[in-house]
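Visitor: Before I ask anything, let me first share the structure, which is written out below as structure tokens.
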Amino acid sequence: METNYKSGFLSIIGRPNVGKSTFMNKVIGQKIAIMSDKAQTTRNKIQGVYTTDDAQMIFIDTPGIHKPKHRLGDFMVQIAEDTLNEVDSILFMINADEGYGRGDQYIIDLLQKVNSPVFLIINKIDLIHPDKLLPLIEKYKSLYDFEEIIPISALEGNNVDHLVDVLKKHLPEGPQYYPEDQVTDHPERFVISELIREKVLHLTKEEVPHSIAVVIENIEKNENEKLLIQATIVTERSSQKGILIGKQGSMLKNIGKQARRDIEALLGSKVYLELWIKVKKDWRNRQNQLHEFGFRSDEY
């Protein structure tokens, strides 16, 4: 390895649904963070590792910063804010189509306390007329002294390669933290549970998506050398359980079918997926339940 190898940790922060997970998946080249059109999809810090011959970037996709409504929400915001003082660079991502909002000002106030360079990433530029971009840039320039301001479309891939090149230039010299073929620091079980949860987000409506957790109960090879994965979808109310099962089990079957497809792509092998549903009332406000489902930080 060259002596001037560069590496560093980069936190991606922003309001919910600005495209943080979409961006990280685009850079890494495969799905490691779940994506949804529903806000507050990401609940834990998800690290994506991008490695080249001369550099390694560890992207931290954080939960969207929002006003919490329960203990899980408190945990999510705390996780996002904690990363600000743990990284080499910060990517503050906004949605070009939404523009400036009160949530952005809250984040900018947090950024006043950090020493790391902050890049403003204006995402979803494919959704606005080019004439609207310059006024948006000027607005944010007036609020904070960003290292650079870079417009992109994570979904379309527009300007993403340029952004990665810019970020690489600002990396400090450092070691290769992860093997070159590793794309995330999360264990297989975590990624599998997230892929199942993503399908619930896509296929259900209203409050159901945000009141569920997915617990991987067992992973083993069966007698046919097929991978057996058994998982429980936990929800808060019996009425939600009925929605998740669907008429004659149709919803649960569809969730399993779509999740299995992504899990097989992730693992590169055939999978037999068994799903159950359990009701644990108000689990998002119960600290012991949050710990059981993997939501842990120094304060929660």
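Here, each number is a calculation from the coordinates, and none is a lab measurement. What you are looking at is a predicted structure, and each value in this text was computed from that prediction instead of being measured. Ideal geometry is used to build each Cβ from the backbone, glycine not excepted, and the neighbour counts take in all protein chains shown.
Visitor: Express in nm, to one decimal, how much length is gained between L110 and E98 on full extension, taking 0.36 nm for each residue of separation and deducting their alpha carbon distance.
Guide: Taking L110 through E98 to full extension adds about 2.3 nm, to one decimal.
Visitor: Treat the count of other C-beta atoms within 10 Å as a stand-in for reagent exposure and order M24, M57 from fewest to most. Walk me through the intermediate numbers first.
Guide: Details: M24 26, M57 22.
The fewest-first ordering by Cβ neighbours comes to M57, M24.
Visitor: Just rank S211, S11, fewest to most, by other beta-carbon atoms within 10 angstrom.
Guide: Ascending Cβ contact count within 10 Å gives the list S211, S11.
Visitor: Treat each spin label as a single point 7 Å out from the Cα along the C-beta direction, and report the D53 to Y5 distance in nm.
Guide: With each label point 7 Å from Cα toward Cβ, the separation is 1.5 nm.
Visitor: Give me, ordered by chain and number, the residues 5 or more places off A55 or on other chains with an amide H under 5 Å from its own placed amide H.
Guide: Close amide H contacts, sequence-distant or interchain: K6.
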